[in-house]
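Below is one structure, written out as structure tokens, with a few remarks after it.
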Amino acid sequence: MNRILVTGATGRAGRQVVAQLLATGARIRALARNPHSAGLPPEVEVVGGDLTLPETLDECLDGVDSVFLVWFASAAAVPAAMERIAKHARRIVFLSSPYQTAHPLFQGAQPNPISALHAEIERLIKASGLGWTFLRPGMFAANALLWWAPQICAGDVVRWPYALTPTAPIHERDIAAVAVRALCDNRCDGAEYVLTGPQSLSHLDQVSTIGDVLGRSLRLEEITPEEWRSELPAFIPPPAANMLLKAWAAAIGQPALVTSTVAEITGMPPRTFRDWAVDNAEEFQSRPLAPS
């Protein structure tokens, strides 16, 4: 029976990969820096390890056939980690990005450090001799939680730049569904899948959809890039903000790229942004208490 190591298993996409792998009967091992706080189902073998500490990986990889790789660590740690993975596994499915895709949203911010990192990881994977599949999702629907949930929880106005820039946000469940197919089916070896949601929706459309699901009249107030930079929350570092602004500016007036890959690989239509908003509605509804 296939044994699969899932990295990033406590993230939004990684948790979905774990959940959907459980339904296949695969044996699942999850890599976590702190196994005791991972909060994964009891059927999952959670092991301690760190991709930046290669000496911790041999035990994690022992007996593993396939690896789902999510990389947030430094580029300097990639070669040693890949050497350990290649010593044990036969296949790797890497959550990359559509940096090679010819669309203004994906090319407007090139070159950038994230794309350079993903390109280097892909080069090392191809050189490793492993079977491989690269997943290239566009905008994650879950970005809405980071970007807009704090403002929506606090009131009915979302201040945001480039209101009319369209994207095709993808549900993390659909990313996971393609990942699971690639992890379990060697017919996906050598494939590079650009993954999107089924609709081209502007930021304005997306905020409106969330409001409709919540039964609230949300309003997007367009602000300038300079105003947005001055109001940035701490979790969006300035380099990432500049990358997003360049991408959104380049994509104005262009319909978002919409691919049919999710349906072709999974046999099911991709979930809409409304589906995602319904699934995550509770996370937009906890308003802070008013001061007394």
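The values are calculated or read from the model by the stated rules, or taken from the named source; none is laboratory data. On a predicted model such as this, the values are computed, not experimentally measured, just so you know. Note that we place each Cβ from the backbone using ideal geometry, even for glycine, and neighbour counts take in every protein chain shown. In case anyone asks, the SASA skips ligands and DNA or RNA and just uses the protein heavy atoms, side chains included. Shrake-Rupley method; radii C 1.70, N 1.55, O 1.52, S 1.80 Å.
Quick look at the numbers
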item: Average Cα contact separation per residue, the stretch 98-256, under 8 Å, 6 or more apart, as relative contact order %; result: 35 percent
item: Carbon/sulfur fraction of accessible area - the stretch 125-253, other protein chains in place, 1.4 Å, %; result: 52 percent
item: Ordering of 198-209, 266-277 by packing [mean C-beta count within 10 Å, highest first]; result: 198-209, 266-277
item: Kirkwood Rh and Cα Rg combined as Rg/Rh, the stretch 215-286; result: 1.04
item: Hull shadow area, averaged, the stretch 159-292 [alpha-carbon convex hull, nm²]; result: 10.7 nm²
item: Modelled FRET efficiency - R0 30 Å, D62 with A119, Cβ distances, 0.05 increments; result: 0.50
item: Only Lys, Arg (+1) and Asp, Glu (-1) charged, at Cβ; the chain dipole about Cα centre in debye; result: 300 debye
item: Chain lengthening between A234 and Q110 when straightened (0.36 nm per residue, less Cα-Cα); result: 42.3 nm
item: Projected-area mean, the stretch 86-169, by convex hull of Cα positions, square nanometres; result: 7.5 nm²
item: Ordering of 74-81, 93-100, 108-115 by burial proxy (mean other Cβ atoms within 10 Å per residue, highest first); result: 93-100, 108-115, 74-81
item: The chain: calculated mean residue ellipticity at 222 nm from DSSP helix runs of at least 4, using -39500 (n - 2.57); result: -11000 deg cm²/dmol
item: Overall Cα dimensions of the stretch 139-206, principal axis frame, Å, largest first; result: 48, 22, 14
item: For the stretch 21-101: accessible area per residue (Å², 1.4 Å); result: 47 Å²
item: Ellipsoid semi-axes in whole angstrom, largest first, where each is sqrt(5λ) of the Cα gyration tensor of the chain; result: 33, 21, 19
item: Once the Cα gyration tensor of the stretch 1-93 is diagonalised, semi-axes √(5λ) in Å; result: 19, 15, 12
